[in-house]
Amino acid sequence: MDDARRRLPGGHVLIEDDRIVAVGSGPTEGLAADRRIDARGKVVLPGLVNTHHHLPQVLTRNVPAVQQAPLFRWLTELYAIWRGLDREAVGAAARVGLGELLLTGCTTTTDHLYLFPRGQERFIDAEIEAAAEIGIRFHPTRGSMSRGQSHGGLPPDDVVQDEPEILADSRRLIAEYHDPRPRAMTRVALAPCSPFSVTDDLMRRTRDLAREHGVRLHTHVAETLDEERYCLETYGRRPVAYLQDLDWLGADVWLAHCVHLNAEEVRLFGATGTGVAHCPSSNFRLGSGLAPVRDLLDAGAPVGLGVDGSASNDTSNMLAEARQALLAHRPHQDPSRWPTAEEVLWMATRGGARCLGRDDLGRLEPGQAADVILIDTRRLSYAGAGSDILAALVFSPWPEPVDTAIVNGRVRVEGGRLLDVDVPALIERGEAASQRLLARAARAAGIE
Ligand SMILES: [Zn+2]
């Protein structure tokens, strides 16, 4: 994933502390190392970057009531469950989702947490603690919802917050956790939820706050035609025009979905360097449509991949998302519109790093952060794929975990297992949190 897109058969990667210091072809003779990891039979890649997620949704995977629902109905039903979230639930869900991500080759992820039920706070702190424990590089975003149903928004009033409270907490999170230094493990971004759940004023004030502190901006946009209709009715503009008027496009912004874009909007994304988190599994799951990825790439927009929340995917599997991105565009009649396997891996690494504003991630090159994954190709599903083993990672992905994941020079997955994580206990904790959440929602529905 360097600019020349080189492949180095039989090559080596040398890591010192948190950085890559050498990459080359051939064996490492003459290079001193405290530890050697044998990569024979394995593909070595930069760690994958996930550009969109909602970790707490892990607790509401495939809820029967919304298995067949498009976005707005899906949201309305799930708000009624998510309003019961608490810190324990968020912490448990984050550990489960982050563990899944690491096992599927993702070494950097973002999360978009926007739902704070009344009386609950410090959810993002709980996620940051979980990410530090699991050992993944983390870009939490301080999400927000301020336009409840009584003000023409979609969410119920008891899951939206006052705008001064949102801005004060955003400021606090930046001060406490945002690390602008190279190879930072934690960077904060600000992320009002969507055009149908916040006010224009909050969009503007969030934008100013982010630019004052040099942090990035994120939101959902152009996900569904329902959203487009909402924007036309409420703001008299299409969603992207709405963002443009708010000065919410630019190289410090990346946006989830971007399914319903016209040609002029695609051009704007390229011209402004606005990034796109392409989430094909979620877009299929909710029947939202398919983002114009070929056009966005041609326009020069940064495009990364996102697994999106686990209530609309319903997994945090980065390699599966890469395969989805490979196949999703192929119903198009013209094969030149189809992303190639190499382009998909590019989006999963370099494209994602660009969306998150990271020039220190996404490549195996000296000076880059030491985020490296090893995938063992001595598997049944790769037998016969030796003519292009790199492409096989997305054409024929083995459903098992990656062999090794190294984050910032620390081995976090070894032999396909998460290190320092009691996985059976974590599964139990996640399942218990999910049961509690669903029971709470059932009780509340009974009372109402
Ligand atoms: Zn989302």
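The values are calculated or read from the model by the stated rules, or taken from the named source; none is laboratory data. Computed from a predicted model, the values in this text were never measured in an experiment. Neighbour counts run over all protein chains shown; Cβ positions are idealised from the backbone, glycine included. Areas reflect the complete protein model, heavy atoms only, side chains present, ligands, DNA and RNA absent. Shrake-Rupley method; radii C 1.70, N 1.55, O 1.52, S 1.80 Å.
Most mobile of HIS52, HIS151, HIS220 per a Gaussian network model of the chain (Cα springs, under 10 Å)?
HIS151
Have a look at LEU418, GLY270, GLY352 and report the one farthest towards the positive end of the charge dipole of the chain, computed about the Cα centre with Cβ charges (Lys/Arg +1, Asp/Glu -1).
Final value for the positive-end residue is LEU418.
In µm²/s, what is D for segment 113-211 at 25 °C and 0.890 mPa s, where D = kT/(6 pi eta Rh) by Stokes-Einstein and Rh is the Kirkwood radius from Cα pairs?
On the way: Rh = 13.9 Å.
After rounding, the answer is 176 µm²/s.
Counting only C-alpha contacts under 8 Å and six or more residues apart, can you give the relative contact order of the chain as a whole percent? All intermediate terms of the calculation are to be shown ahead of the outcome.
Working: 949 pairs, mean separation 100.8, N = 448.
Averaging sequence separation for qualifying contacts and normalising by length gives 22 percent for the chain.
So what is the accessible area of the chain per residue, in Å², with the probe set to 1.4 Å? Intermediate values should be presented prior to the final figure.
Values: 17670 Å² over 448 residues.
So the chain comes to 39 Å² accessible per residue, rounded to a whole number.
Give me, ordered by chain and number, the residues 5 or more places off LEU14 or on other chains with an amide H under 5 Å from its own placed amide H.
Amide H neighbours of LEU14: VAL21, ALA22, VAL23.
Need one word for segment 327-385: rounded, prolate or oblate. Basis is the Cα gyration tensor (sqrt eigenvalues a ≥ b ≥ c); a/c below 1.5 gives rounded, then a/b vs b/c decides. Each step should come with its number before you reach the end.
Numbers: a/c = 3.37, a/b = 1.24, b/c = 2.71.
Cα axes put segment 327-385 in the oblate bin.
Specify the residue with the greatest mean-square fluctuation among ASP245, ASP403, ASP295, computed from a Gaussian network of the chain linking alpha-carbon atoms under 10 Å apart.
For the chain, modelled as a Gaussian network with Cα springs under 10 Å, the answer is ASP245.
Please compute the net charge surrounding VAL240, taking Lys and Arg as +1 and Asp and Glu as -1 over other residues with Cβ under 9 Å from its Cβ.
Net local charge, VAL240 excluded: 0.
Based solely on its DSSP helices, what 222 nm [θ] is calculated for the chain when runs of n ≥ 4 H residues each add -39,500 (n - 2.57) and the sum is averaged over all residues, nearest 500 deg cm²/dmol? Walk me through the intermediate numbers first.
Working: 15 runs with 164 residues, N = 448.
Only helices count here, giving -11000 deg cm²/dmol.
Where the accessible area of segment 378-448 is counted over protein heavy atoms with a 1.4 Å probe, how much of it, in %, is carbon and sulfur? Walk me through the intermediate numbers first.
Working: 2300 of 4150 Å².
That fraction is 55 percent.
Rounded to the nearest 20 Debye, what is the dipole magnitude of segment 344-448 about its Cα centre when Lys and Arg each give +1 and Asp and Glu each give -1 at the C-beta? Intermediate results must be reported in sequence, preceding the final value.
Details: 13 positive and 14 negative charges, 55 e Å.
Once rounded to the nearest 20, the dipole reads 260 debye.
Cut-off 10 angstrom, C-alpha nodes, Gaussian network model of the chain. Which of PRO302, PRO424, PRO399 fluctuates the most?
Looking only at PRO302, PRO424, PRO399, the largest GNM fluctuation is found for PRO424.
Tell me, what ³J(HN,Hα) does each residue in segment 113-122 have, in order and in whole Hz, if you take phi through Karplus 6.51 cos²θ - 1.76 cosθ + 1.60 with θ = phi - 60° and put x for Gly and Pro?
Once θ is set to phi - 60°, the couplings for segment 113-122 become 10, 10, 10, 10, x, 3, x, 9, 8, 6 Hz.
Compute the relative contact order of segment 277-398 as a whole-number percentage, counting only Cα pairs closer than 8 Å that sit 6 or more residues apart in sequence. Kindly include the intermediate steps, with their values, before the conclusion.
Details: 153 pairs, mean separation 28.8, N = 122.
This gives 24 percent for segment 277-398.
Would you mind telling me the antiparallel percentage of the DSSP bridges in the chain, rounded to 5? Mind dumping the intermediate values first?
Details: 19 of 47 bridges.
So the antiparallel bridges amount to about 40 percent of the total.
Given Cβ point charges of +1 (Lys, Arg) and -1 (Asp, Glu) and nothing else, what value in debye, to the nearest 20, does the dipole of the chain about its Cα centre take?
Dipole magnitude for the chain comes out near 620 debye.
What would the Debye equation give as log₁₀ I(q)/I(0) for segment 384-437 at q = 0.16, 0.20, 0.26, 0.30 Å⁻¹, counting only Cα atoms as equal point scatterers?
-0.72, -0.86, -0.97, -1.06
How far is the Cα center of segment 161-206 from the Cα center of segment 349-383, in Å?
Between the Cα centre of segment 161-206 and that of segment 349-383, the gap is 28 Å.
For segment 262-362, rounded, prolate or oblate, judged on the Cα gyration tensor with a ≥ b ≥ c (square roots of eigenvalues), a/c < 1.5 rounded, else prolate if a/b > b/c? Each step should come with its number before you reach the end.
Numbers: a/c = 1.43, a/b = 1.11, b/c = 1.29.
Rounded.
Could you please state how large a percent of the accessible area of segment 197-251 is carbon and sulfur, counting protein chains only and using a 1.4 Å probe?
Working: 970 of 2200 Å².
Exposed carbon and sulfur together represent 44 percent of the surface.
Got the relative contact order for segment 1-92 handy, in percent, Cα pairs under 8 Å and 6 or more residues apart? Working shown, then result.
Numbers: 44 pairs, mean separation 15.9, N = 92.
Normalised by residue count, the contact order of segment 1-92 is 17 percent.
Provide the three semi-axes, in whole Å and in decreasing order, of the ellipsoid equivalent to the chain as defined by the square roots of 5 times the Cα gyration tensor eigenvalues. All intermediate terms of the calculation are to be shown ahead of the outcome.
Numbers: eigenvalues 235, 118, 91 Å².
That gives 34, 24, 21 Å for the three semi-axes.
Answer with one residue from GLY289, ALA320, ASN408: the one whose Cα lies farthest towards the positive end of the charge dipole of the chain, charges on Cβ with Lys, Arg +1 and Asp, Glu -1.
Farthest along the dipole direction, towards plus: ALA320.
For segment 56-195, which whole percent of the accessible surface, found with a 1.4 angstrom probe, sits on carbon and sulfur atoms? All intermediate terms of the calculation are to be shown ahead of the outcome.
On the way: 2340 of 4570 Å².
Carbon and sulfur together cover 51 percent of it.
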